[in-house]
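For reference, the structure discussed in these notes is given below.
The values are calculated or read from the model by the stated rules, or taken from the named source; none is laboratory data. Because the structure is predicted, anything quoted here is derived from the model rather than measured. Please note: Cβ atoms are built from the backbone with ideal geometry, for glycine as well, and neighbour counts cover all protein chains shown.
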Amino acid sequence: MTRSSDDGQQPKRRNWVSPLAPDASTAARTAFTRAGFSDPTLVLRWDEIAGPETARLARPVRLSEGPNGGVLTLKAEPGAALFLQHETRPLCERINAYLGRPAVSRLRFVQGPLIPRHAPSMHRTLPGTIPPADPVEKYHGPEGLREALRNLARIRRSRTNMGS
C-alpha cells in the first residue's frame, strides 16, 4: 500500500530505474554548450559539412565568439594542420553556408591524435540457416516482410543451436 502525500500525489519512489534519455540529452546539451556549440549539428554533421577528406584529418572541438567573429577550434592529426591551413577560406565558407549565417571567421588548429570513428555496420551477417521445412519458406507476402521474417527465423535458429 502506498501512502499519498499532502497534495494528493504519490511520493516519488526511490531506487527505481528511470529512462536514460532525459539525462543523456541534458548531459549532451550541457557538454555542447560548454564547448560553445549552441547548435550541435556542426559537430554531429561534420563529415557532411567539411567533406570526407577534411573530416578524416580534423574535428571541431570548440566554437568561441570573439569581437571579430567566431573562432572554430579544430583538433587535427599531427602534420595535417599545415595542409588544412591552406583550406581555411573554403572550409569557413562551407561552415557558414551550412549554418546559414557568418558564424565562423577564423579557424584555429590544435594538433593531436584523433580517435578513429567506426561507422556502424549496416548489414550484419545473420548466423544460422533456415531449413526448407520452416514455415517462413511457405510465406508468400510482401518481400520486405518476408525478408524480416527470414532474418527472425535465422536468429531464432542460431539461438536454439547455441543452447543444444
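Laid out as a table, the results:
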read-out	value
Residues located in the range 61-102, provided they are touching a helix residue (DSSP H, G or I) at 6+ places or on another chain (Cβ under 6 Å) and of a type in the set (Gly, Ala, Ser)	Ala76, Ala80
Among residues of the range 115-155, those that are modelled with pLDDT under 80, farther than 30 Å from Ala76 by Cα and charged (D, E, K, R), counted	1
Matching residues, the range 11-56, being basic (Lys, Arg) and surrounded by 11 or more Cβ atoms within 10 Å (Cβ to Cβ)	Arg29, Arg45, Arg56
Helices (runs of 4 or more DSSP H) completely within the range 16-78 that count 3 or more residues being farther than 18 Å from Leu91 by Cα and small (Gly, Ala, Ser)	21-34
Single unsatisfied condition, Arg59 versus (1) touching a Gly at 6+ places or on another chain (Cβ under 7 Å); (2) buried (at least 18 other Cβ atoms within 10 Å of the Cβ); (3) under 22 Å from Arg101 (Cβ atoms)	(1)
Residue that is farthest from Gly112 (Cα to Cα), among those in the range 49-86 that are in contact (Cβ under 8 Å) with a residue 12 or more places away in the chain and of a type in the set (Asp, Glu)	Glu65
